[in-house]
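Encoded as structure tokens, the structure appears first; notes follow it.
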Amino acid sequence: MTSAAVPMIDGDKSPLRPIIYAVLALGLIALTAAILLAMGRTPICTCGTIELWHGIVKDSGNSQHLTDWYTPSHVIHGFLFYAGLWAFGRLIGKPLPLGIALLVAVGIECAWEITENTNTVIERYRATNIALDYYGDSVINSVSDIVAMMIGFTLARLWPVWLTVLVAVVMEAFVGFWIRDNLILNIIMLIHPIDAINQWQGAL
């Protein structure tokens, strides 16, 4: 079989039953939640409520509820993880079993949620105008972010590539226009802050 004939990610050759992968994924999420609690993250917003959607970026409720303006970026994480694991399968000459690929994606996202909520990264975010009121995610928000990634991963498997790319571009453009931040800008400002972007975001 040539590499061109290799399917993206093989759903038929997982060595374990789907229920086992589901249990393992839930275990990773539960472990991540426990680690975040041990790190001092609050279970829910300190306001005492749980909102399905919180649409205000520059306040203390951001990243404290179930979904917010940064949820689309985690869906895109799922798109990117699926693409990366597909590319890895092409590199080694055979597709990864779907269950294993999903567990790897969940593991990466869980690791990011833990890293993102360390004091070092929180302070790095708060050095920019867009995140002056950011003090880390609540645990329920982090768990919701992981679920959003899993949704993105699943959609990337079901959709044609052109639709996945189109949806990612539209989400980035819309969120970027509406709140002057998105996944790309977030990465730029985390790795190498640019003053022009910082001033533009601060003018919102």
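The values are calculated or read from the model by the stated rules, or taken from the named source; none is laboratory data. Computed from a predicted structure; not experimentally measured. Cβ coordinates were reconstructed from backbone atoms using ideal geometry, including for glycine residues, and neighbour counts include every protein chain displayed.
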Subject >> Residue among 115, 154 that alone is within 19 Å of the chain's Cα centre (by Cα), polar (S, T, N, Q) and loosely packed, with under 12 Cβ neighbours inside 10 Å >> reply: 115
**OP:** Identify all residues within the range 81-111 that are in contact (Cβ under 8 Å) with a residue 60 or more places away in the chain and among the hydrophobic types (A, V, I, L, M, F, W, C); write none if there are none.
**Re:** 81, 83, 85, 86, 96, 98, 100, 101, 102, 103, 106, 110
**OP:** Would you mind stating whether residue 130 is surrounded by 18 or more Cβ atoms within 10 Å (Cβ to Cβ), more than 16 Å from residue 77 (Cα to Cα), in contact with a helix residue (DSSP H, G or I) (Cβ under 6 Å, 6 or more places away or on another chain) and in contact (Cβ under 8 Å) with a residue 40 or more places away in the chain?
**Re:** yes
**OP:** For residues that are at pLDDT 95 or above and small (Gly, Ala, Ser), scanning just the range 56-78, find the one that is farthest from residue 21 (Cα to Cα).
**Re:** 63
Original post:
Any idea which of (1) buried (at least 21 other Cβ atoms within 10 Å of the Cβ); (2) more than 17 Å from the chain's Cα centre (by Cα); (3) closer than 26 Å to residue 15 by Cα is the one residue 159 doesn't satisfy?
Top reply: (1)
Subject >> Failed item in (1) within 14 Å of the chain's Cα centre (by Cα); (2) in a helix (DSSP H, G or I); (3) not basic (Lys, Arg), with residue 137 passing the rest >> reply: (2)
Subject >> Selected residue (criterion: modelled with the lowest pLDDT) from residues of the range 79-129 that are of a type in the set (Ser, Thr, Tyr) and outside any helix (DSSP H, G or I) >> reply: 128
Original post:
Does residue 141 fit the bill of being within 23 Å of residue 56 (Cβ to Cβ), out of contact with any helix residue (DSSP H, G or I) (no Cβ under 8 Å at 6 or more places or on another chain) and in contact (Cβ under 8 Å) with a residue 24 or more places away in the chain?
Top reply: yes
Original post:
How about the range 48-63: which of its residues are surrounded by 15 or more Cβ atoms within 10 Å (Cβ to Cβ) and part of a loop (DSSP other than H, G, I, E, B)?
Top reply: 50, 51, 57, 58, 61, 62, 63
Subject >> residue 36 being more than 28 Å from residue 158 (Cα to Cα), of a type in the set (A, V, I, L, M), at pLDDT 95 or above and surrounded by 14 or more Cβ atoms within 10 Å (Cβ to Cβ) >> reply: yes
**OP:** Kindly provide the set of residues from the range 89-112 that are of a type in the set (Val, Ile, Thr) and either farther than 12 Å from residue 32 by Cβ or buried (at least 18 other Cβ atoms within 10 Å of the Cβ) (or both), ordered by number.
**Re:** 92, 100, 104, 106
Subject >> Of all residues in the range 162-201 being among the charged types (D, E, K, R) and surrounded by 17 or more Cβ atoms within 10 Å (Cβ to Cβ), the one that is nearest to residue 102 (Cα to Cα) >> reply: 172
